[in-house]
Amino acid sequence: MYTTLISVDQLQTLQTSGQPCMVFDCSFELMNPAAGDAQYAQAHIPGAVRADLDRHLSVHGAPDAASGGRHPLPSREAFAAWLGSVGLTPDTQAVVYDRQGVNYSGRLWWMLKWAGHEAVAVLDGGWQAWQAAGGPVESGAAENHPVHEQNYPLAPAQCALTATETIVKELGHPSQTILDARATPRFKGEVEPLDPVAGHIPGALNRPFALNLDANGFFKPAAQLRAEFDALLAGRDPATVVHHCGSGVSAVPNLIAMEVAGLGRTALYAGSWSAWCSDPSRPVAQG
């Protein structure tokens, strides 16, 4: 079972092994939401299921959303219905990839853990690594998969989801270390292209999610990641870390990197800055 990362070679071996395997293409562009579908249609790993951030991995206007923010999580039950519709079963190894440095595939990785599906891994290096290795490709728009009547059978969540109320309650307490994955200018409040308020949650540490990858788009070695997180945490207990970003999406590469580094599976504040700053009574820090 692959639970964090899988290499192109390992995926190709898995695909020829006869073991149940399902690949998901999560490519997306925040400023051009139609781009992910176009990228998939142009070329994708053969048989890959299209998983779109807006259509499949978020829900808008649903009363049972599991988080706030710009990309609210669907309820686990609604997510299970979609997983069932594409045919995922508990014995299937899921592999997720994108073209954007794990920014969007990490979301599905986390959501599958949240649904109780531990057998999910990110394709290390993403689509670019698959292409560079000469992996086979196919083109064409995403097909409508035959709808399976049975929902995916939810199991106990394998990851922790933190609510805004918990962040507020534990603010400034050593039991909570907030890690912000946004680019440093946004963290400092120098710019804010997406949300109505600029700045960050008081006391948060900043680690832009792209720092987890090397120049070729692969995760850095575990020992290097461990050293970088140890330096950032500066003695804080890794188990207290809660990850966030703008809308709970690009925070996940930091969460995966900490797990690769041997620091355990830490929590996610999925509502993130977009949920936090929606209430003017909550404190905001800048600089």
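Of all DSSP beta bridges located in the chain, what percent are antiparallel, nearest 5?
10
Say we join alpha carbon atoms closer than 10 Å with springs in a Gaussian network model of the chain; which of 172, 140, 61 then has the biggest fluctuation?
Looking only at 172, 140, 61, the biggest GNM fluctuation is shown by 61.
Could you compute the FRET efficiency for residue 170 and residue 1, with r as their C-beta to C-beta distance and R0 at 35 Å, rounded to 0.05?
For R0 = 35 Å, the calculated efficiency reads 0.60.
Run the dipole for the chain about the Cα centre, Lys and Arg Cβ at +1, Asp and Glu Cβ at -1, nothing else charged, and hand back the magnitude in debye, nearest 20.
Magnitude of the dipole: close to 520 debye.
Would you kindly derive the ³J(HN,Hα) couplings of segment 158-166 from the backbone phi angles with the Karplus curve 6.51 cos²θ - 1.76 cosθ + 1.60 (θ = phi - 60°), listing them in order in whole Hz, with x for Gly and Pro?
For segment 158-166, the Karplus-derived couplings read 9, 8, 9, 10, 9, 8, 4, 4, 5 Hz, x marking Gly and Pro.
Binned at 5 Å from 0, what are the whole-percent values of the Cα-Cα distance distribution for the chain, short to long?
1, 6, 12, 17, 19, 18, 13, 8, 4, 2, 0, 0
On a C-alpha basis, how far is the centre of segment 246-263 from the centre of segment 83-111 in Å? Whole number, if you could?
Taking the Cα centre of each part, segment 246-263 and segment 83-111 sit 15 Å apart.
Given the Cα-Cα distance of residue 224 and residue 89 and 0.36 nm per residue of separation, how much length would full extension add, in nm?
My answer for the length gained is 45.1 nm.
Would you work out which of 271, 47, 4 lies farthest towards the positive end of the dipole of the chain, given +1 charges on the beta-carbon of Lys and Arg and -1 on that of Asp and Glu, about the Cα centre?
Value: 271.
Quick one: net charge of residue 206's neighbours, Cβ under 11 Å, K/R +1, D/E -1?
Overall, the nearby charge balance is +3.
Could you tell me which residue out of 210, 233, 185 lies farthest along the dipole of segment 164-236 toward its positive end? Charges go on the beta carbon: Lys and Arg +1, Asp and Glu -1, centred on the Cα centre.
233
Place the peptides 266-275, 108-117, 226-235 in order of packing, highest mean first, counting for every residue the other Cβ atoms within 10 Å and averaging per peptide.
Going by the mean number of other Cβ atoms within 10 Å, highest first, we get 266-275, 108-117, 226-235.
Size of the dipole of segment 5-132 about the Cα centre, Lys and Arg at +1 and Asp and Glu at -1 on the beta carbon, nothing else charged, in debye to 20?
140
Given the C-alpha centroids of segment 1-30 and segment 128-203, what is the distance between them in whole angstrom?
Centre-to-centre (Cα) distance: 20 Å.
Which cross-chain or sequence-distant (5 or more) residues have an amide H under 5 Å from the amide H of residue 66, H modelled 1.01 Å from N in plane?
Amide H neighbours of residue 66: 73, 75.
All of the numbers you see were taken from the coordinates with simple rules; none came from a lab. A quick note: this is a predicted structure, and the numbers were derived from the prediction, not measured. Every residue, glycine as well, gets a Cβ built from its backbone with ideal geometry; the counts of neighbours run over all protein chains shown.
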